[in-house]
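This report concerns only the one structure given below.
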Amino acid sequence: MSNLDDTPTETGLGAAVGTAAPASGPAVQLLPAREVPLGGPRAMLVRRSLPSRARTTVGAWCFVDSYGPATGEHVMVVPPHPHTGLQTVTWLLGGEALHQDSLGSEVRIRPGQLNMMTSGHGIAHGERSLVGDGTALHGVQLWVALPERHRHQDPGFEHHAQLPTREVDGVRTTVLVGTFDGLTSPATTCTPLVGAEVRSRAGALRLPLRQDFEHAVLLVSGRLEVGGEEPAEGDLVHLGSGRSHVDLVVGGPSVLMLLGGEPFGEELVMWWNFVGGSHEDIVLAREQWQAREDRFGEVTGWDEGSWLRAPEMPGVRLRPRT
Ligand code: MN
């Protein structure tokens with residue numbers, strides 16, 4: 001998926017920049033989602049909770065969108081667009097989608113499966129919803145910032161049709177990324193990271209956490225109370241770090257995502273679909289995409305004219321670290 005905001009702002013990533021609250025300590029911070037049109041003639045609204053005004057990363061997680069449920073033949077059509085310096089994580093609760101990228105990947109994804117694309121120094125991809133069995137499209141799109149040592153590597157794409165899952169007392173846990181509660185995902189990670197889906201009926205539950213990670217809980221659907229906060233669907237609740245567990249109260253059949261990782265120590269810049277080490281990295285990536293240079297490759301199956309053009313960059317440089 002792409003950031004289709006017409007006027008994206010440049011965002012500093014990492015614990016050192018753009019973050020009002022400290023990553024250390026078990027603070028609770030509600031990060032309400034805002035609605036952003038995904039674009040297209042019948043623009044689907046997505047709920048974006050990261051980056052937010054108050055926080056830009058949770059571990060290396062740097063972008064959290066949730067969308068749907070939405071029905072229709074072309075409910076999601078995102079033409080080819082570039083990425084640098086990040087991984088995209090596609091996870092569906094309903095519906096079906098087709099991923100095509102400049103490595104030649106062409107993969108249908110269904111609920112319970114994981115698409116993880118590692119852009120490295122550059123990749124292009126397009127995505128569209130498929131009618132499939134007619135189930136409404138419902139899912140999340142997450143980005144993971146790559147650290148400097150992985151930012152310049154070759155791009156890669158992984159589809160995982162099977163992920164480790166466990167069901168205990170009506171709580172079903174599926175691990176997308178990293179290790180959670182003794183289950184380990186096969187997906188490639190570049191920093192210590194965790195991402196898990198938790199499905200629960202009404203009731204109280206306790207999730208085990210790593211004390212050296214910071215964590216957040218995304219309410220995808222249903223009702224949740226955590227640390228005195230009652231997020232709406234699409235909202236994120238940051239839990240800070242230093243916790244051995246978190247206690248949740250679920251108010252009916254609900255789907256949550258636990259996201260966490262080692263607090264991201266590097267300073268990065270994110271703008272539109274790019275993560276770079278500096279403002280200059282972003283300017284260069286944008287110019288090379290606009291010029292259709294080899295860096296991003298070709299995506300077959302899409303009209304040339306449909307490829308997304310990068311927006312104009314804002315007139316100001318990213319504010320340096322203070
Ligand atoms: Mn994308």
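Answer yes or no: is there a residue in the stretch 135-146 that is farther than 19 Å from His160 by Cβ, in contact with a helix residue (DSSP H, G or I) (Cβ under 8 Å, 6 or more places away or on another chain) and not in a strand (DSSP E or B).
Scanning the stretch 135-146 turns up no residue that is farther than 19 Å from His160 by Cβ, in contact with a helix residue (DSSP H, G or I) (Cβ under 8 Å, 6 or more places away or on another chain) and not in a strand (DSSP E or B).
Where residues in the stretch 138-168 are away from the ligand (no atom under 16 Å from the Cβ) and touching a residue at least 60 places away in the same chain (Cβ under 8 Å), which of them is farthest from Gly297 (Cα to Cα)?
Restricting to residues being away from the ligand (no atom under 16 Å from the Cβ) and touching a residue at least 60 places away in the same chain (Cβ under 8 Å), the top hit is His138.
Identify, please: which residue in the stretch 57-108 is more than 13 Å from the ligand (Cβ to nearest atom) and β-branched (Val, Ile, Thr) and is, among those, nearest to Ala33 (Cα to Cα)?
The qualifying residue nearest to Ala33 (Cα to Cα) is Val64.
Which of (1) within 15 Å of the ligand (Cβ to nearest atom); (2) farther than 30 Å from Gly277 by Cα; (3) in contact with a His (Cβ under 8 Å, 6 or more places away or on another chain); (4) not small (Gly, Ala, Ser) does Asn115 not meet, given it meets every other one?
Of (1) within 15 Å of the ligand (Cβ to nearest atom); (2) farther than 30 Å from Gly277 by Cα; (3) in contact with a His (Cβ under 8 Å, 6 or more places away or on another chain); (4) not small (Gly, Ala, Ser), only one is false for Asn115: (2).
Please count how many residues of the stretch 276-299 are farther than 14 Å from Ser102 by Cβ and among the acidic types (Asp, Glu).
Let us first name the residues in the stretch 276-299 that are farther than 14 Å from Ser102 by Cβ, namely 276-287, 290-291.
With among the acidic types (Asp, Glu) added as a condition, the list becomes 280-281, 287.
Matching residues across the stretch 276-299 total 3.
Test Glu266 against the stated conditions and say whether it is within 23 Å of the chain's Cα centre (by Cα) and part of a loop (DSSP other than H, G, I, E, B). Give the steps one after another, and end with the answer.
Details: within 23 Å of the chain's Cα centre (by Cα): yes; part of a loop (DSSP other than H, G, I, E, B): yes.
Considered against the rule, which asks whether it is within 23 Å of the chain's Cα centre (by Cα) and part of a loop (DSSP other than H, G, I, E, B), Glu266 comes out as yes.
Read through the list (1) closer than 30 Å to Val198 by Cβ; (2) surrounded by fewer than 20 Cβ atoms within 10 Å (Cβ to Cβ), then give the number of the only condition that Arg292 fails.
(1)
Scan the stretch 120-130 and tell me whether some residue there is among the charged types (D, E, K, R) and more than 15 Å from the ligand (Cβ to nearest atom).
So far as the stretch 120-130 goes, no, none of its residues is among the charged types (D, E, K, R) and more than 15 Å from the ligand (Cβ to nearest atom).
From the residues in the stretch 295-318 that are touching a residue at least 12 places away in the same chain (Cβ under 8 Å) and outside any loop (DSSP other than H, G, I, E, B), which one is surrounded by the fewest Cβ atoms within 10 Å (Cβ to Cβ)?
Taking the candidates together, the pick is Ser306.
Would a scan of the stretch 229-237 turn up a residue that is under 27 Å from Leu176 (Cβ atoms), touching a Phe, Trp or Tyr at 6+ places or on another chain (Cβ under 9 Å) and among the small types (Gly, Ala, Ser)?
First pass over the stretch 229-237, keeping only residues under 27 Å from Leu176 (Cβ atoms): 229-237.
If we keep only those that are touching a Phe, Trp or Tyr at 6+ places or on another chain (Cβ under 9 Å) as well, we get 234.
Then keep just the ones that are among the small types (Gly, Ala, Ser); that gives 234.
Checked against the condition, which is being under 27 Å from Leu176 (Cβ atoms), touching a Phe, Trp or Tyr at 6+ places or on another chain (Cβ under 9 Å) and among the small types (Gly, Ala, Ser), the stretch 229-237 yields at least one hit.
Are any residues in the stretch 124-135 in contact with a Gly (Cβ under 7 Å, 6 or more places away or on another chain) and modelled with pLDDT of 95 or more, and if so, which ones?
Once the filter is applied, which keeps residues that are in contact with a Gly (Cβ under 7 Å, 6 or more places away or on another chain) and modelled with pLDDT of 95 or more, the stretch 124-135 yields only Ala124.
Looking at this structure, is Ser244 among the polar types (S, T, N, Q) and under 16 Å from Val198 (Cα atoms)?
No, not satisfied.
Filter the stretch 204-217 for residues that are within 21 Å of Thr56 (Cα to Cα) and part of a strand (DSSP E or B); which is farthest from the chain's Cα centre (by Cα)?
The qualifying residue farthest from the chain's Cα centre (by Cα) is Glu214.
Return the residue satisfying two criteria in turn: it lies in the stretch 218-242 and is without any contact (Cβ under 8 Å) to a residue 40 or more places away in the chain and not in a loop (DSSP other than H, G, I, E, B), and of such residues it is surrounded by the most Cβ atoms within 10 Å (Cβ to Cβ).
Leu219
The values are calculated or read from the model by the stated rules, or taken from the named source; none is laboratory data. Predicted, not measured: the structure shown is a model, and the values here were computed from it. A quick note on method: Cβ atoms are made from the backbone with ideal geometry, for glycine too, and the neighbour counts reach across all protein chains shown.
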